[in-house]
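Please treat every number below as a calculation from the coordinates, not as lab data. All values reported here derive from a predicted model rather than from experimental measurement. With ideal geometry, Cβ positions are generated from the backbone for all residues, glycine too; neighbour counts draw on all protein chains shown.
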């Protein structure tokens with residue numbers, strides 16, 4: 001009897017140890033998968049810089065949409081370039097965040113939105129650094145003249161204007177020689193006016209060229225734009241379809257074929273019209289000749305009757 005109880009106790013202890021071991025193993029497996037999940041998330045966050053690239057796209061939107069010329073130093077660039085980029089970059093940020101230009105005061109004479117000077121200065125400081133300063137006041141570009149309202153402390157922006165040439169698509173961010181390079185694809189775009197007449201941007205397609213925006217680290221360890229240069233990255237060439245017997249090789253051939261067909265049709269119509277005119281003239285001439293003959297015949301018959309009498 002005692003042996004039976006001791007055996008029963010040993011079995012219970014063995015079962016308890018097995019249960020505890022199973023739970024410990026399960027917890028270990030769960031912990032292992034949890035740690036692996038953390039590692040994967042960490043690696044993904046390190047390798048995936050989509051948020052960083054999106055931040056640079058928003059930051060450079062005003063510059064890309066106006067397509068300025070390359071420069072090696074921001075001090076050599078007309079400040080109006082950066083002021084204009086800041087104005088339209090601010091407009092984009094407002095629309096991209098779900099807002100509209102209706103939130104700004106309008107000029108009663110022109111209906112233009114008055115973009116506060118403070119927002120323009122903030123945009124420029126974030127792009128070029130706090131040490132870069134621009135003078136307030138009206139300025140002109142090849143496309144527009146921007147009036148500055150001293151009393152309202154803002155720039156008058158025509159909300160129905162079409163100025164966007166490109167939208168940005170950041171391809172890569174890399175460092176070399178102590179500088180940070182942001183390779184940006186330029187995607188052709190256009191501007192449309194919405195039902196209320198406000199400027200809005202169309203959806204992008206694919207880049208047609210690439211530029212490298214060069215950033216230098218400031219004293220506050222932030223990166224600021226210092227140069228703009230052509231990129232070694234080039235757009236992919238579009239494949240030309242092989243010519244067939246029934247399909248023109250290119251647009252020029254199509255235009256020439258259509259022009260040739262149009263000329264042939266015109267020539268046919270002109271020939272038909274000429275033939276019709278010739279037929280009409282011949283018919284008219286014949287009628288003219290027949291008419292006197294009939295009159296002459298009647299006259300002869302009358303003379304014959306008179307002689308007989």
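Stretch residue 229-residue 52 to full length: gain in nm at 0.36 nm per residue minus the Cα-Cα span? Provide the component values of the computation, followed by the final result.
Working: separation 177, 0.36 × 177 = 63.72 nm, distance 2.08 nm.
Roughly 61.6 nm would be gained on extension.
Taking neighbour Cβ counts within 10 Å as the exposure measure, how do 5, 209, 83 sort from fewest upward? Each step should come with its number before you reach the end.
Values: 5 9, 209 16, 83 23.
Fewest to most other Cβ atoms nearby, the residues stand as 5, 209, 83.
Quick one: length gained pulling residue 133 to residue 205 fully straight, 0.36 nm per residue minus the C-alpha distance?
On the way: separation 72, 0.36 × 72 = 25.92 nm, distance 3.52 nm.
Roughly 22.4 nm would be gained on extension.
When the convex hull of the C-alpha atoms of the stretch 50-230 is computed, what volume per residue in Å³ does it have?
Numbers: hull volume 22.3 nm³, N = 181.
Per-residue hull volume (Cα only) is 123 Å³.
Could you state the principal axis extents of the C-alpha atoms in the stretch 1-135, from the largest down, to the nearest angstrom?
Taking the Cα atoms of the stretch 1-135, the three principal extents are 109, 40, 24 Å.
Take residue 69 and residue 18, extend 7 Å from each Cα along the Cα→Cβ direction, and tell me the distance between the two endpoints in nm.
For residue 69 paired with residue 18, the spin-label model returns 8.6 nm.
For 223, 88, what's the fewest-to-most ordering of other Cβ within 10 Å of each Cβ?
Details: 223 18, 88 22.
Fewest-to-most ranking of 223, 88: 223, 88.
Using 7 Å Cα-to-Cβ label points, what is the residue 145/residue 216 separation (nm, one decimal)?
3.6
Over all directions, how big on average is the projection of the convex hull of the alpha-carbon atoms in the stretch 80-174, in square nanometres?
Values: hull surface 29.6 nm².
For the Cα atoms of the stretch 80-174, the hull's average projected area reads 7.4 nm².
Do me a favour and compute the ellipsoid semi-axes for the stretch 56-114 from its Cα gyration tensor, root of five times each eigenvalue, largest one first, whole Å. Walk me through the intermediate numbers first.
Working: eigenvalues 129, 47, 10 Å².
Sorted largest first and rounded, they come to 25, 15, 7 Å.
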